[in-house]
Amino acid sequence: MSKRRIVYEGKAKILYEGPEPGTLIQYFKDDTTAFDAQKKAVLDGKGVLNNRISEFIMTQLSAIGIPTHFIRRLNMREQLIRKVEIIPLEVVVRNIAAGSLSTRLGMPEGQQLPRPLVEFYYKSDALHDPMVSEEHIAAFGWATPQEYDDIIALALRVNDFMSGLFAGAGIRLVDFKIEFGRYFETDHDMPRILLADEISPDSCRLWDNKTGEKLDKDRFRRDLGGVTEAYAEVARRLGIIRESGDTDNVVSFTGGSK
Ligand code: 5GP
């Protein structure tokens with residue numbers, strides 16, 4: 001399997017050369033990291049769950065007209081995607097105060113925000129992804145003014161749709177991080193902005209509606225345990241994996257897939 005050329009290897013994913021020009025294969029690893037990779041673990045089956053959850057969300061977003069890089073899932077851990085030039089920004093949308101917003105502004109976790117907030121962070125591990133403003137993005141040419149407007153509009157549409165999707169599954173979408181890329185169609189001069197990367201419990205904060213239980217990567221960051229089980233619960237509630245069963249279900253679902 002690994003005869004293919006690796007185009008990029010990140011902390012949780014590997015990108016391989018795709019079968020046709022303009023495509024890549026995105027492979028979901030079980031590796032998980034936090035705090036600039038100072039904290040690391042391998043969570044058995046996490047990659048399989050994130051592959052399925054991201055497929056599900058990207059497919060639903062495509063159906064409502066959000067352009068994404070997702071083409072199709074290939075197997076338990078891989079999906080075929082369009083090759084894009086990644087815009088070097090992490091776009092965070094927040095509905096409820098948590099994480100770095102709570103730390104930065106001293107706002108209690110769980111406080112409803114007056115309206116969704118869109119924030120930008122410059123993608124740089126060495127600099128610890130510093131927060132940046134529209135001024136920096138324009139001055140340094142990370143995105144054109146048109147791309148910036150498109151990204152904000154898309155991020156808010158993604159938030160609207162995903163908030164409803166998770167609400168239907170008894171989950172509050174607290175915040176999430178997405179990334180965008182430029183897709184160069186052969187017969188077009190102007191690139192199109194596509195939603196790229198992944199959307200999964202690794203990149204969202206998801207709280208159970210009734211109990212407030214965390215169903216996302218904060219379980220790993222904060223040593224709460226039951227990380228894969230929480231991701232499987234999200235998948236079950238979204239109807240991606242079958243109801244009933246306990247962690248055995250997860251094990252049988254993810255087993256033998258590496
Ligand atoms: P915060 O800024 O509060 O740490 O994160 C806001 C949201 O963006 C959270 O849902 C968090 O999981 C996500 N997020 C921020 N940075 C990253 C990152 O580098 N990788 C991933 N997977 N998610 C991130």
Legend entry - Of residues in the stretch 79-107 being free of Cβ contacts under 8 Å to residues at least 60 places away in the same chain and not aliphatic (A, V, I, L, M), the one nearest to Lys46 (Cα to Cα): Gln79
Inset, instruction - Taking the options Ser102, Ser133, Ser124, name whichever one is within 24 Å of Asp36 (Cα to Cα), of a type in the set (S, T, N, Q) and in contact with a Phe, Trp or Tyr (Cβ under 9 Å, 6 or more places away or on another chain). - result: Ser133
Inset, instruction - Write out, first by first residue and then by second, each pair whose Cβ atoms fall under 8 Å of each other, whose residues are 6+ apart or on separate chains, and whose first residue, in the stretch 136-155, is open to solvent by 70 Å² or more (accessible area, probe 1.4 Å) while the second is assigned to a helix (DSSP H, G or I). - result: Pro145/Ala138
Legend entry - Failed item in (1) closer than 27 Å to Leu15 by Cβ; (2) in contact with a Gly (Cβ under 6 Å, 6 or more places away or on another chain), with Asn209 passing the rest: (1)
Legend entry - Residues of the stretch 83-107 satisfying the condition of being more than 13 Å from the ligand (Cβ to nearest atom) and open to solvent by 80 Å² or more (accessible area, probe 1.4 Å): Lys83, Glu85
Inset, instruction - Look at Gln26 and say whether it is away from the ligand (no atom under 16 Å from the Cβ), on the phi < 0 side of the Ramachandran plot and either part of a strand (DSSP E or B) or within 16 Å of the chain's Cα centre (by Cα) (or both). - result: no
Inset, instruction - Collect the residues in the stretch 15-30 that are open to solvent by less than 30 Å² (accessible area, probe 1.4 Å) and of a type in the set (D, E, K, R), keeping them in residue-number order. - result: Lys29, Asp30
Inset, instruction - Inspect the stretch 65-80 for any residue being within 16 Å of the ligand (Cβ to nearest atom) and β-branched (Val, Ile, Thr) and give the result as yes or no. - result: no
Inset, instruction - For the stretch 161-172, name all the residues that are closer than 20 Å to Glu90 by Cβ and surrounded by fewer than 21 Cβ atoms within 10 Å (Cβ to Cβ). - result: Phe161, Ser163
Inset, instruction - Scan the stretch 31-52 for residues that are surrounded by 15 or more Cβ atoms within 10 Å (Cβ to Cβ) and not in a loop (DSSP other than H, G, I, E, B) and report the count. - result: 11
Legend entry - Yes/no for Gly239 being touching a helix residue (DSSP H, G or I) at 6+ places or on another chain (Cβ under 9 Å) and on the phi > 0 side of the Ramachandran plot: yes
Legend entry - the stretch 218-239: number of residues that are within 17 Å of Phe176 (Cβ to Cβ) and surrounded by fewer than 18 Cβ atoms within 10 Å (Cβ to Cβ): 1
Inset, instruction - Go through the stretch 118-145 and count every residue that is under 24 Å from Arg157 (Cβ atoms) and either touching a Ser or Thr at 6+ places or on another chain (Cβ under 7 Å) or within 16 Å of the ligand (Cβ to nearest atom) (or both). - result: 10
Inset, instruction - Would you mind telling me which numbered condition in (1) in contact (Cβ under 8 Å) with a residue 12 or more places away in the chain; (2) part of a strand (DSSP E or B) Glu55 fails? - result: (2)
Legend entry - Filter result for Ala139 (farther than 26 Å from Gln26 by Cα, in contact with an Asp or Glu (Cβ under 6 Å, 6 or more places away or on another chain) and hydrophobic (A, V, I, L, M, F, W, C)): no
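The values are calculated or read from the model by the stated rules, or taken from the named source; none is laboratory data. None of the values given here were measured: they were computed from a predicted structure. Cβ coordinates were reconstructed from backbone atoms using ideal geometry, including for glycine residues, and neighbour counts include every protein chain displayed. Protein only, heavy atoms only, side chains kept; ligands, DNA and RNA dropped before computing areas. Shrake-Rupley method; radii C 1.70, N 1.55, O 1.52, S 1.80 Å.
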